[in-house]
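The values are calculated or read from the model by the stated rules, or taken from the named source; none is laboratory data. All figures in this text were calculated on a predicted structure; none of them were measured in a lab. Note that we place each Cβ from the backbone using ideal geometry, even for glycine, and neighbour counts take in every protein chain shown. Heavy atoms of the whole protein, side chains included, go into the accessibility calculation; ligands, DNA and RNA do not. Shrake-Rupley method; radii C 1.70, N 1.55, O 1.52, S 1.80 Å.
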Amino acid sequence: MTAAQRKPRLPKHAQPQRGLPADDLSSTHDDLRAPNAFLMMLEGRAPWEFAALLASYPWLRKLPPGDGHPVLVFPGLGANDITTLALRRFLDELGYVTHPWGQGFNFGPRHGVLEQCSADVKRLFRHHAKPVSLIGWSLGGIYARELAKELPDHTRCVITLGTPFTGHPRATNAWRFFELVSGQQVKDHALLEEIRRTPPVPTTSIYSRTDGVVAWRCSVMEPGPLSENIEVHASHLGLGMNPLALYVVADRLAQHPGDWQRFEPHGARRWFYPQGSH
């Protein structure tokens, strides 16, 4: 067996922490596989997740009110602002000031896309005189993470939903579509390493082990003082309207930026978030 074929061991500081079994983090970045056909079929439950959101709305509206800070929301690959409407309306009703990304369908980081996103963050920061929270669904979460690295002083926190920021892009069932619509190929290893780097602001990754589009390990980062992973039971297409995911989003946005604490469900909430934050 050659050195390239041997699977490297994680260093001590990167060993799995509470909530993640050792074998869940033993894979290298590039040996992950896209979700299987059964998980893809389970993506059909997304409409039921929207129905669950409507049913749970009275409970969700009892969450602590927002403080009025701006929140910029990025849609996933091939999606537009309509897909994030339920999420944004929910946060608006809580008292946050949400903003759509406003660039039509998300067909990847084509020419001028990230530059416009950066300009939008700066504009919102100036207008509200407050740092901006960035929420990204799937590919949109990559934008949120990269903007936070570029503009940490303008960013309050980052929340991603089913975002594949680690592992190889081919560990998703959308990589061919990404190459088709973006005109880019997923072969830049230096870029992939940069995407894996965690932003220097409070960062939360919400993921599902039954995600039928993205291999869930691609959405798990090494926990740190300002980073956490939170598992919910959801489909990839339903993450932005899943009541369990939206509860976490609202809880994270309510955190004071100078006193950020990990997500720790208490009481009956442990039934829905059995691992808490890890």
query: Is one or more of the residues making up region 210-221 among the hydroxyl-bearing types (Ser, Thr, Tyr), open to solvent by 30 Å² or more (accessible area, probe 1.4 Å) and under 22 Å from residue 174 (Cβ atoms)?
result: yes
Over region 190-213, the set of residues closer than 30 Å to residue 259 by Cβ and basic (Lys, Arg) is 196, 197
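Yes or no, residue by residue, for (1) touching a strand residue (DSSP E or B) at 6+ places or on another chain (Cβ under 6 Å); (2) open to solvent by 30 Å² or more (accessible area, probe 1.4 Å); (3) assigned to a strand (DSSP E or B):
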{"site": "99", "(1), (2), (3)": "yes, yes, yes"}
{"site": "106", "(1), (2), (3)": "no, no, no"}
{"site": "127", "(1), (2), (3)": "no, yes, no"}
{"site": "134", "(1), (2), (3)": "yes, no, yes"}
{"site": "159", "(1), (2), (3)": "yes, no, yes"}
{"site": "167", "(1), (2), (3)": "no, no, no"}
{"site": "177", "(1), (2), (3)": "no, yes, no"}
Scanning region 108-125 for residues that are without any contact (Cβ under 8 Å) to a residue 40 or more places away in the chain, open to solvent by 50 Å² or more (accessible area, probe 1.4 Å) and outside any helix (DSSP H, G or I) gives 111
Given (1) out of contact with any Phe, Trp or Tyr (no Cβ under 8 Å at 6 or more places or on another chain); (2) among the β-branched types (Val, Ile, Thr); (3) open to solvent by 30 Å² or more (accessible area, probe 1.4 Å), residue 181 misses just (1)
Restricting attention to region 126-136, the residues that are within 17 Å of residue 258 (Cα to Cα) and without any contact (Cβ under 8 Å) to a residue 40 or more places away in the chain number exactly 1
For region 256-276, pairs from a residue that is under 24 Å from residue 133 (Cβ atoms) to a residue that is acidic (Asp, Glu) and part of a loop (DSSP other than H, G, I, E, B), with Cβ under 6 Å and 6 or more apart or across chains, are 276/264
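Could you look through region 46-66, keep only residues that are small (Gly, Ala, Ser), closer than 15 Å to residue 241 by Cβ and in contact with a helix residue (DSSP H, G or I) (Cβ under 7 Å, 6 or more places away or on another chain), and pick out the one that is most open to solvent (accessible area, probe 1.4 Å)?
First, pick out the residues of region 46-66 that are small (Gly, Ala, Ser): 46, 51-52, 55-56, 66.
Okay, now just the ones that are also closer than 15 Å to residue 241 by Cβ, so 46, 51-52, 55-56.
Subsequent filtering for residues that are in contact with a helix residue (DSSP H, G or I) (Cβ under 7 Å, 6 or more places away or on another chain) retains 52, 56.
Values: 52: 41, 56: 21 Å².
So the residue we want is 52.
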Here the residues within region 222-235 that are touching a residue at least 40 places away in the same chain (Cβ under 8 Å), open to solvent by 10 Å² or more (accessible area, probe 1.4 Å) and outside any strand (DSSP E or B) are 222, 223
